[in-house]
Amino acid sequence: MNRYSRQSALTQIGDEGQKKIASARVAIVGLGALGSVSAQLCARAGIGFLKLIDRDIVEKTNLQRQVLFTESDANEGRAKSTASKDHLQTINSEIKIEAVLEDLRGENIAELLRDVDAVLDGTDNFETRYLINDFAVKNKIPYIYGGAIETRSMVYSVLPDGRPCLRCLFPQAPTADSAQTCDRSGILASASHWTAALQFTQLVRYLTQGAASIEPVLIQQDVWSEEVKRIQAAEFAAERCEGCRNGIFAALHSQSGTQTLKLCGRNAVQIQPEPGQGIISWNSLSERWKDRGQVLVGTDFARATFEHYELTLFKNGRVIIKGTEDPALARSLYARWVGC
Ligand SMILES: [Zn+2]
């Protein structure tokens, strides 16, 4: 009896379906409330290759809903990507998993997603979602959107069969999503679990039975009130977006120079310097920081607390500065503590 026998016993899957699952190459972008659940489901189901992309490290407040992490991951401040990979390989050592500690951006998306044939959404912001959406539509690969806040969920599969994409559905980030994030408003773990479970299910349906088996429907559900809504995408999308109509994908154009990004709801700003620009070597910087304040040096990052601010520096020069949402202040703190 093989380890997937209970799954392949499903008439919808069978041995043929299991082979398709085993040969699938899937990226999960964001390993938080949604991504940690869908990653575990994918690993247990035997998805042959998983690419786990996340820009952040594990914190104690994650443990309430992010199923892959432990207290020691949070205490050590491990990267979510590598911690996920390590835990998942103990669950299934027969699949291949690649951990990527990176912020998915216009400049690196083509490189990072070049070797996958489906993307599951585990992100917490519409900027990254639009980016993945555009890449997926342009390259005709499925992108399974999911979002969860408080007790509510939304799921929609952008599949390469001409159906409306996420931009067609939401030309602007939905207010519920942009105004609230998990840090500011709450989230019940069962809402994110439900969302990720449905995303995983749609992925398996797509892999085994193709796009035609999944209706172009936006699904909204509230685990608290138990209300479920199914909204036809064609009715919801008033008109098709530029990408779908004319093949213009603005988000995919790379930007040059140092990029500053306010991390909404987290009281933090991320600074991504241009590759090779403006930072001294990682080793000497973490050495320099050691003398100045409270410093934690992990395998992939160094974190220091100076005055009211916490700086987390990753090896590629990316920094997350907590304690401000002001990009100008963040840039000046960056120049003071990171810049050469
Ligand atoms: Zn579109």
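The values are calculated or read from the model by the stated rules, or taken from the named source; none is laboratory data. Model, not experiment: these values are computed from the prediction. Reconstructed Cβ throughout: ideal geometry from the backbone, glycine too, with neighbour counts over all protein chains shown. When the accessible area is computed, the model is the full protein with side chains, heavy atoms only, and any ligands, DNA or RNA have been set aside. Shrake-Rupley method; radii C 1.70, N 1.55, O 1.52, S 1.80 Å.
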Please enumerate the residues belonging to region 89-116 that are modelled with pLDDT of 95 or more and not hydrophobic (A, V, I, L, M, F, W, C).
Gln89, Thr90, Asn92, Ser93, Glu94, Lys96, Glu98, Glu111, Arg114, Asp115
Among (1) of a type outside the set (Lys, Arg); (2) free of Cβ contacts under 8 Å to residues at least 60 places away in the same chain; (3) within 15 Å of Gln40 (Cα to Cα) - the single one Thr82 does not satisfy
(2)
Tally, over region 222-268, of residues that are away from the ligand (no atom under 16 Å from the Cβ) and within 18 Å of Gly106 (Cα to Cα)
11
Matching residues in region 129-143 (polar (S, T, N, Q) and out of contact with any Leu (no Cβ under 6 Å at 6 or more places or on another chain)) number 1
Please verify whether Arg3 is basic (Lys, Arg), open to solvent by 10 Å² or more (accessible area, probe 1.4 Å) and within 25 Å of Gly265 (Cα to Cα), treating the condition exactly as stated.
no
Tally, over region 154-175, of residues that are surrounded by 15 or more Cβ atoms within 10 Å (Cβ to Cβ) and under 19 Å from the mean Cα position of the chain (by Cα)
11
How about region 206-307: which strands (runs of 3 or more DSSP E) wholly inside it have at least 3 residues that are at pLDDT below 85?
259-263, 294-297, 301-306
